[in-house]
Amino acid sequence: MWLSLLLLLLLPGPLPVAGMEDAAFPHLGESSQPPPRACPPRCSCPRVDTVDCDGLDLRVFPDNITRAAQHLSLQNNQLQELPYNELSRLSGLRTLNLHNNLISSEGLPDEAFESLTQLQHIYVAHNKLSVAPQFLPRSLRVADLAANQVMEIFPLTFGEKPALRGTPPVPSFPSFPIAPQNSSGRSYLSLNHFIGNHFELKNNLISKVPRGALSRQTQLRELYLQHNQLTDSGLDATTFSKLHSLEYLDLSHNQLTTVPAGLPRTLAILHLGRNRIRQVEAARLHGARGLRYLLLQHNQLGSSGLPAGALRPLRGLHTLHLYGNGLDRVPLALPRRLCALVLPHNHVATLGARDLAATPGLMELNLAYNRLTSARVHHRAFRRLRTLRSLDLAGNQLTRLPMGLPTGLHTLRLQRNQLRMLEPEPLTGLDQLKELSLAHNRLRVGDIGPGTWHELQALQMLDLSHNELSFVPPDLPEALEELHLEGNRIGHVGPEAFLSTPRLRALFLRCPEGGWRGGGGQGRAWEGHDRLSVQGQQASHDEHRGRGLPGAPKPGCGGHSRESGAGPDPAASHHPTWATGRGPLILERSSRAAQTPGAPLGRGLKRQHPPWALCLALLGLQGWACSAWHWRRH
């Protein structure tokens, strides 16, 4: 008895009663961790609502996907079909990514997404669909069917989707791309990438947009249908008429022969380039009276496809592109408020006195690469264009400058004509001209009349490359900053060549085969031009635009390899460039010359320089060293 009492006192708590267990205490063979949640083999499930089976080469839709899944990624696999029974279980899905598989329309049953009543984002880009899904959930916000072979869509594919009107949230599963890319890195946003008010159906095989397919998208602002196979019969008067917010419509690269009917009044930009349009009818444009930009390049308008008054309904038209249409004259009765008329690569041979009278507000006129001759450009052709700022007449057959040029011009391009003379009279009053291109003509210094440059006091860029000049033209404009003289016959640079151009910063020259004539006095040609960058480029200014000139060239420009041991001096402030007939040479201010003002050029020469480099030493440029860096035969 005493022994039993002692045992009871030593026990820490009450004795266990049969049938009574501690639920919090682990039992034999069990872990203290919660049981693992279900996840398909080889897939990862970072959250209870996320299943990631990306890039596993799956050929069969995985089973064992939890019903709680809201985000499912099956991109980059080998799936050919979607089983309705497996998909219908996942009624809570919000994001489904099937990008880059082998799913065909036959493997995608009509009712495939019927049970996914909460689906907001679906990505089926880069598959083998030939028909868009007939039924998609009303909850849909983003649908991407890009880079398929879709030839048909249905009214309910995108119709009756109220959520498509607003800007959708980014999918919460971070590995789901908004704009999937293929192996080449190209983004496909074709059929259909719909984010907010932006709708893309490009790069497919669509030949028809069925009636009512877009009628519910009243908030749509941008619609892209380029690079398809749309024909006139594939669109009707109701296709776009109910898109009351549409501002941008791209129908380029299709097979249309007429302008579509039923264009909305809100439309601002209409792109119809690269079709087969033969006729523009005013009746088709009455509804689009707010149009600002009309792009019709590379169609088949010919001499009669744009009759007088066809564009008259477009009273607010700002820009008209008619590049490459076979036009033989400037269209008549254009909208009066037109600001930019782009007509290059046509057959325009005549410019009459009243051809441009209807558009006095033009600021840009491009007639490049037509068939204009000096005899058929009327001396009053530009009389009414008082606001014109840019005139491009390149690539015609002009032998002299046109008369009556607008005095407000800032840019005048006359390269690739047959100009044989420059006289002051056509340039009179052009005191605002900043850029003049005369490259690829037949000009000689003797053909430039005295006082020609005095009229151009604001000129900053002058391109005289690829003419027949034998020396630098005298009395160049004082404001000049960039001068192109490459491709001429200049064999001598006199000491007074650039006295009239103290602001010159970029000079393009070529050293002749036999070297430069003259002695050390030529070094004075560059006196006072501390910021001058002398560049031996072979291309003319129109091939150099956008390269950051004026300014010092960067080492290695042009991609030439270094073939001599002479490199650029680290202390060089800039690297003016020359070129012989064989390839470019670099002149750079050496560190020794920089420390010793007035040091002769020969002091910086190195023994490894080839004999032809001595032609530069004859220039006597004070403080300059000659280097064979970047030398390369062409």
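The values are calculated or read from the model by the stated rules, or taken from the named source; none is laboratory data. All values reported here derive from a predicted model rather than from experimental measurement. With ideal geometry, Cβ positions are generated from the backbone for all residues, glycine too; neighbour counts draw on all protein chains shown. Only protein heavy atoms, including side chains, enter the accessible area calculation; ligands, DNA and RNA are left aside. Shrake-Rupley method; radii C 1.70, N 1.55, O 1.52, S 1.80 Å.
Among the residues of region 214-230, count how many are open to solvent by 60 Å² or more (accessible area, probe 1.4 Å) and either closer than 9 Å to residue 253 by Cβ or in contact with a Cys (Cβ under 9 Å, 6 or more places away or on another chain) (or both). Outline the logic, then answer.
In the first step, residues of region 214-230 are kept if they are open to solvent by 60 Å² or more (accessible area, probe 1.4 Å); the result is 216, 219, 221-222, 227, 229.
If we keep only those that are either closer than 9 Å to residue 253 by Cβ or in contact with a Cys (Cβ under 9 Å, 6 or more places away or on another chain) (or both) as well, we get 227.
Selection size over region 214-230: 1.
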- Query: Any idea which of 393, 365 is under 24 Å from the mean Cα position of the chain (by Cα) and within 25 Å of residue 463 (Cα to Cα)?
  - Reply: 365
- In this structure, is residue 276 closer than 30 Å to residue 215 by Cα, basic (Lys, Arg) and in contact with a Ser or Thr (Cβ under 9 Å, 6 or more places away or on another chain)? yes
- Would you check which residues across region 383-393 are within 17 Å of residue 413 (Cβ to Cβ), in a loop (DSSP other than H, G, I, E, B) and not charged (D, E, K, R) and list them? 385, 388, 393
- Message: Just to be sure I understand, how many residues within region 279-301 are modelled with pLDDT of 95 or more and exposed (fewer than 15 other Cβ atoms within 10 Å of the Cβ)?
- Response: 1
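Residues checked against (1) open to solvent by 20 Å² or more (accessible area, probe 1.4 Å); (2) of a type in the set (A, V, I, L, M, F, W, C); (3) farther than 19 Å from residue 291 by Cα:
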{"position": "315", "(1), (2), (3)": "yes, no, no"}
{"position": "322", "(1), (2), (3)": "no, yes, no"}
{"position": "329", "(1), (2), (3)": "yes, no, yes"}
{"position": "341", "(1), (2), (3)": "no, yes, no"}
{"position": "345", "(1), (2), (3)": "yes, no, yes"}
{"position": "348", "(1), (2), (3)": "no, yes, yes"}
{"position": "358", "(1), (2), (3)": "yes, yes, no"}
{"position": "364", "(1), (2), (3)": "yes, no, no"}
{"position": "367", "(1), (2), (3)": "no, yes, yes"}
- Subset of region 482-506, residues charged (D, E, K, R), over 14 Å from residue 443 (Cα atoms) and in a loop (DSSP other than H, G, I, E, B), comes to 496, 503, 505
- Item | Residues of region 418-429 satisfying the condition of being in a helix (DSSP H, G or I) and surrounded by 15 or more Cβ atoms within 10 Å (Cβ to Cβ) | 426, 427
- Message: Consider region 261-296. How many of its residues are in a strand (DSSP E or B), in contact with a Gly (Cβ under 9 Å, 6 or more places away or on another chain) and more than 17 Å from residue 338 (Cβ to Cβ)?
- Response: 1
- Message: Condition first: of a type in the set (Gly, Ala, Ser) and over 16 Å from residue 261 (Cβ atoms). Now tell me which residues in region 214-246 satisfy that.
- Response: 245
- Item | Extreme residue, surrounded by the fewest Cβ atoms within 10 Å (Cβ to Cβ), among residues of region 60-74 that are closer than 19 Å to residue 126 by Cα and either at pLDDT below 95 or among the hydrophobic types (A, V, I, L, M, F, W, C) (or both) | 60
- Message: Being in contact with a Leu (Cβ under 7 Å, 6 or more places away or on another chain) and open to solvent by 10 Å² or more (accessible area, probe 1.4 Å) is the filter here; which residues of region 91-100 pass it?
- Response: 91, 94
- Only one of these is surrounded by 16 or more Cβ atoms within 10 Å (Cβ to Cβ) and in contact (Cβ under 8 Å) with a residue 12 or more places away in the chain: 432, 415. Name it. 415
- Query: Can you tell which of 262, 305, 273 is open to solvent by less than 60 Å² (accessible area, probe 1.4 Å) and touching a residue at least 40 places away in the same chain (Cβ under 8 Å)?
  - Reply: 273
- Note on the structure: Within region 433-458, the residues that are assigned to a loop (DSSP other than H, G, I, E, B) and under 21 Å from residue 379 (Cβ atoms) are 433, 438, 441, 449, 451, 452, 456
- Item | Long-range neighbours under 8 Å by Cβ, at least six apart or interchain, first residue closer than 17 Å to residue 292 by Cβ and touching a residue at least 24 places away in the same chain (Cβ under 8 Å) within region 238-251, second among the polar types (S, T, N, Q) and not in a loop (DSSP other than H, G, I, E, B) | none
